[in-house]
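The values are calculated or read from the model by the stated rules, or taken from the named source; none is laboratory data. Keep in mind it's a predicted model, so treat the numbers as computed, not measured. Cβ atoms come from the backbone with ideal geometry, glycine included; neighbour counts cover every protein chain shown.
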Amino acid sequence: MEIEIQLTDTPIAAYLSAPTSGVGAGAWVEFRGLVRGEENGGVIAALEYEAYSPMAETEMRRIITELASGQPCLFVRAIHRIGIVPVGEAAIYIGIAGRHRAEAFALLAGFMDRLKQDVPIWKRRALTATELAELKIK
Amino acid sequence: MEIEIQLTDTPIAAYLSAPTSGVGAGAWVEFRGLVRGEENGGVIAALEYEAYSPMAETEMRRIITELASGQPCLFVRAIHRIGIVPVGEAAIYIGIAGRHRAEAFALLAGFMDRLKQDVPIWKRRALTATELAELKIK
Amino acid sequence: MRLLFFAHLKDITHCAEMNLPGGDMDTDDLWCKLIEAHPGLETFRASVRLAKNSEYVGRDARFTEADEVALIPPVSGG
Amino acid sequence: MRLLFFAHLKDITHCAEMNLPGGDMDTDDLWCKLIEAHPGLETFRASVRLAKNSEYVGRDARFTEADEVALIPPVSGG
């Protein structure tokens, strides 16, 4: 299984190609976790994410490898954005190619659960529209 | 909830935009069911799909509506390709936007299960490379 | 009534659709007439579902001259 | 030993990292020294996990001068 892990402080591309190596792939599933316009009941304009970078990447790879032993897939790409992520943009992307959809869906759901338990990445703070605008001026 | 259903005899686009209306969306999940290079143990070059068109569309919409009553989502786009689909290309695409990932994943998995039980679409035959080439010459 | 055949059923009937004359029918009447016209269909009766005007119907369905009835063999989309 | 702080723990320590002198330690020794340096950390002890050289460690872990130890408060990625 091929694994690609990335932490990035720039927007995650709207289109990411499926792996060309996945000749045996019958399923290609992609997930984007988008920043929603509200956090704890308040209206927000962006979230700021912080990561313990080398460990976050190591953990993501470890989780995928562990899950894939039960749900063997062909290719997994996971990208987490750090820094300021405006509302509507993706904080996380995961793309999984599998022989069949069952293992790809299971790996996706399992990865997201584990990510939210174990991967050292934090929503550092929510920014209002004013705060986001001020940040852009600086 | 917005629903878009389509049957098409041309390739499904590699990139399909997320719905812009989904301001409250925290999850955008996409699935492509790809034609694999083997069918019943033999090497194939393509599959030919056939549909009972109006009913297939009606059924897909009905299934989505039914599932969404338990798993409310914001937007669902389902596209099934008919006719000859070469290996590696998508026979089906489904894109779901939801407030959270749980309902989007559940709707996706549920839809695919029901599709394979109830939607009047058939794998009509598998084509070898030779058969596919002959078809292109015609 | 307009009858539609799909997938391998077309290989049996050698046609994608046919007109079946006759008025009010239940599913047994319909199958009798179908098998009379295309004896090869009998083998598939147990696995085929019927749809009336693009909706699945049960064994208690009734059909009229104006209906479009489709024979739906096990599907295999996706 | 190099110590790393993340998220709200940085608001307590007012720094992202610090050097903690001292040789072989277990988790209790480490927490004692940490709380001595930053008393505000005590409240978070129960919810914070420790990672040694980018891997989570349990309560039986031991640390040496050469280790990089991170305090990992509950994560919230995705």
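Search the stretch C:55-78 for residues being at the interface with chain B (Cβ under 8 Å from one of its Cβ atoms) and either more than 12 Å from the chain's Cα centre (by Cα) or touching a residue at least 40 places away in the same chain (Cβ under 8 Å) (or both), and hand back the single one that is surrounded by the fewest Cβ atoms within 10 Å (Cβ to Cβ).
Among those residues, the one meeting the criterion is C:Glu55.
Pick out, from chain D, the strands (runs of 3 or more DSSP E) lying fully within it that include 1 or more residues that are of a type in the set (S, T, N, Q).
Ranges flagged: D:17-19.
Given (1) within 14 Å of chain C (Cβ to nearest Cβ); (2) modelled with pLDDT under 95, where does B:Met60 come up short, assuming only one miss?
(2) is the only condition that B:Met60 fails.
Read through the list (1) hydroxyl-bearing (Ser, Thr, Tyr); (2) away from chain D (no Cβ under 11 Å); (3) closer than 25 Å to B:Ala97 by Cβ, then give the number of the only condition that A:Tyr49 fails.
(2)
Taking the stretch A:65-95 as the search range and keeping residues that are hydrophobic (A, V, I, L, M, F, W, C) and within 12 Å of the chain's Cα centre (by Cα), which one is farthest from A:Ala133 (Cα to Cα)?
Residue satisfying both the conditions and the ranking: A:Val76.
Out of (1) assigned to a strand (DSSP E or B); (2) under 19 Å from A:Gln6 (Cα atoms), what's the single condition that is false for A:Ala126?
(2)
Please specify each residue of the stretch D:13-45 satisfying the condition of being away from every other protein chain (no Cβ under 14 Å) and either under 25 Å from A:Ala126 (Cβ atoms) or of a type in the set (Asp, Glu) (or both).
Listed by number, the residues that qualify are D:Thr13, D:His14, D:Cys15, D:Asp24, D:Asp26, D:Asp28, D:Asp29, D:Glu36, D:Gly40, D:Leu41, D:Glu42, D:Thr43.
Just to be sure I understand, how many residues within the stretch C:7-54 are of a type outside the set (Gly, Ala, Ser), on the phi > 0 side of the Ramachandran plot and surrounded by 13 or more Cβ atoms within 10 Å (Cβ to Cβ)?
Within the stretch C:7-54, residues that are of a type outside the set (Gly, Ala, Ser), on the phi > 0 side of the Ramachandran plot and surrounded by 13 or more Cβ atoms within 10 Å (Cβ to Cβ) number 1.
This table checks each residue for (1) within 12 Å of B:Tyr49 (Cβ to Cβ); (2) out of contact with any strand residue (DSSP E or B) (no Cβ under 8 Å at 6 or more places or on another chain); (3) small (Gly, Ala, Ser); (4) surrounded by fewer than 16 Cβ atoms within 10 Å (Cβ to Cβ).
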| position | (1), (2), (3), (4) |
| --- | --- |
| B:Leu74 | no, no, no, no |
| B:Arg77 | no, no, no, no |
| B:His80 | yes, no, no, no |
| B:Ala91 | yes, no, yes, no |
| B:Gly95 | no, no, yes, no |
| B:Arg124 | yes, no, no, no |
| B:Thr128 | no, no, no, yes |
| B:Leu132 | no, no, no, no |
| B:Lys138 | no, yes, no, yes |
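Is it the case, given these coordinates, that B:Gly110 is modelled with pLDDT of 95 or more, surrounded by fewer than 20 Cβ atoms within 10 Å (Cβ to Cβ) and under 20 Å from B:Ala13 (Cβ atoms)?
For B:Gly110, the condition - modelled with pLDDT of 95 or more, surrounded by fewer than 20 Cβ atoms within 10 Å (Cβ to Cβ) and under 20 Å from B:Ala13 (Cβ atoms) - is not met.
Can you give me the number of residues within the stretch A:28-42 that are at pLDDT below 95 and more than 7 Å from chain B (Cβ to nearest Cβ)?
Number satisfying all stated conditions: 5.
Among the residues of the stretch A:46-60, write down those that are in contact (Cβ under 8 Å) with a residue 24 or more places away in the chain and not hydrophobic (A, V, I, L, M, F, W, C).
A:Glu48, A:Tyr49, A:Glu50, A:Tyr52, A:Ser53, A:Glu57, A:Glu59
Return the pair list, or none, for Cβ contacts closer than 9 Å from residues in the stretch A:68-88 that are within 13 Å of chain D (Cβ to nearest Cβ) to residues that are part of a loop (DSSP other than H, G, I, E, B) and surrounded by 20 or more Cβ atoms within 10 Å (Cβ to Cβ), at least 6 apart or on different chains.
Hits for this filter: A:His80/A:Val119; A:His80/D:Gly77; A:His80/D:Gly78; A:Val85/A:Val35.
What number of residues within the stretch A:16-45 are surrounded by fewer than 23 Cβ atoms within 10 Å (Cβ to Cβ), in contact (Cβ under 8 Å) with a residue 60 or more places away in the chain and closer than 19 Å to A:Ile79 by Cβ?
5
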